[in-house]
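Before any comments, here is the structure.
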Amino acid sequence: MELITTIADLQARLNTARESQQTIGLVPTMGALHQGHASLVERSLRENDVTVVSIFVNPTQFNNKQDLATYPRTLEADRALLDTLGATYVFAPSVEEIYPEEDTRMFSYPPVDTVMEGERRPGHFNGVCQIVSKLFAITRPHRAYFGEKDFQQIAVIRQMVKAEGFNLEVVACPIVRETSGLALSSRNQLMTAQERNLAVNISRILFVSLEYAKSHTIIETQDFVVSTLNSLEGLEVEYFQIVDGYTLQPVTSWDSASYIVGCITVFCGATPIRLIDNVCYIKH
Ligand code: PAF
């Protein structure tokens, strides 16, 4: 596996690959890689001739400076994991390489980007679209792989791909969980053992709610999840919304959509760490 830090070097390699009809898979990441990322890389390796994994902590998607400063950075360990997996290239550019000047482009895809995370993290999805569109333009991949833990992010990226006319397939990959059920996240590394034990309750209650939902309304299910988690000291639900999995708009009854997903954000512990997760109630 080769480490590449400049756009020109990466494009030279990928042009050669394209000339020999090779397909290119892109796995965009912010590093601090875990088995969730590994599952994306493995899928890309199965489906493409060349797999590029980008590692770039994108400053424009952080609406909180402290969050950007404390985001885990573990390039050496990331490279070792990608080497073991057999990724073709790791692209780890500097901020100056990606943003030689301020990116003032605005991306707006209401209502998909205005609800949930969009409402609570102003500018976040704009920053995600800035970096992901740059990575797409640089690598021109045939397929790009994203984890469903960031459920809304995938919906926003799909809108951006359509609006910008990118000719590629967005591949959504299932959430990878610890045996405890906790969804894997780079932010998990920031938690103490005690906080992790607390965080396990998020997926536990979401899974319990799948059964609860069979005999309760949407409002009752939402209330059940929020009140059960809030009753645990150290957990505070920011939002839990049961939405149409395509439009991300709230649904009011279980038969009003063919794809229904519950999306949650919870503050965990004293720091606190902001964790997100989701479960699918219905998919026909
Ligand atoms: O999901 C992430 O890690 C980031 O939002 C992404 C897609 C790599 C863009 O920086």
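The values are calculated or read from the model by the stated rules, or taken from the named source; none is laboratory data. Only a predicted model underlies this, so the values are computations on that prediction, with no experimental measurement involved. No Cβ is skipped: glycine too gets one built from the backbone with ideal geometry, and neighbour counts run over all protein chains shown. Quick note on the areas: whole protein, heavy atoms, side chains included, nothing else; ligands and nucleic acids left out. Shrake-Rupley method; radii C 1.70, N 1.55, O 1.52, S 1.80 Å.
Side notes on the structure shown:
- Every test in (1) within 28 Å of P122 (Cβ to Cβ); (2) touching a residue at least 60 places away in the same chain (Cβ under 8 Å); (3) of a type outside the set (G, A, S) is passed by Q11 save one, and that test is (1).
- Residue check for V208: open to solvent by 60 Å² or more (accessible area, probe 1.4 Å) and either small (G, A, S) or out of contact with any strand residue (DSSP E or B) (no Cβ under 9 Å at 6 or more places or on another chain) (or both): yes
- Residue match in the stretch 4-15 (condition: surrounded by fewer than 18 Cβ atoms within 10 Å (Cβ to Cβ), among the hydroxyl-bearing types (S, T, Y) and on the phi < 0 side of the Ramachandran plot): yes
- The stretch 21-40 - residue that is more than 13 Å from the ligand (Cβ to nearest atom) and touching a helix residue (DSSP H, G or I) at 6+ places or on another chain (Cβ under 8 Å) and, of those, farthest from A137 (Cα to Cα): A38
- Residues within the stretch 124-137 that are away from the ligand (no atom under 13 Å from the Cβ) and touching a residue at least 60 places away in the same chain (Cβ under 8 Å), tallied: 0
- Residue, nearest to I98 (Cα to Cα), within the stretch 41-57, restricted to residues that are of a type in the set (S, T, N, Q) and away from the ligand (no atom under 12 Å from the Cβ): T51
- Residue count, the stretch 157-175 (criterion: closer than 30 Å to F240 by Cβ and more than 10 Å from the ligand (Cβ to nearest atom)): 12
- Residue list for the stretch 29-52, restricted to those being over 13 Å from D78 (Cβ atoms), open to solvent by less than 60 Å² (accessible area, probe 1.4 Å) and outside any helix (DSSP H, G or I): N48, V50, T51, V52
- Residues of the stretch 58-70 that are within 15 Å of the ligand (Cβ to nearest atom) and either surrounded by fewer than 18 Cβ atoms within 10 Å (Cβ to Cβ) or assigned to a strand (DSSP E or B) (or both): P59, N63, N64, D67, L68.
- Positions within the stretch 179-189 being touching a helix residue (DSSP H, G or I) at 6+ places or on another chain (Cβ under 8 Å) and either away from the ligand (no atom under 13 Å from the Cβ) or over 22 Å from P122 (Cβ atoms) (or both), in sequence order: S180, G181, L182, A183, L184, N188
- Restricting the first member to the stretch 190-216 and to residues that are in contact (Cβ under 8 Å) with a residue 40 or more places away in the chain and polar (S, T, N, Q), and the second to residues that are in a helix (DSSP H, G or I) and open to solvent by 40 Å² or more (accessible area, probe 1.4 Å), the beta-carbon pairs closer than 8 Å and six or more apart or on different chains are S209/F224.
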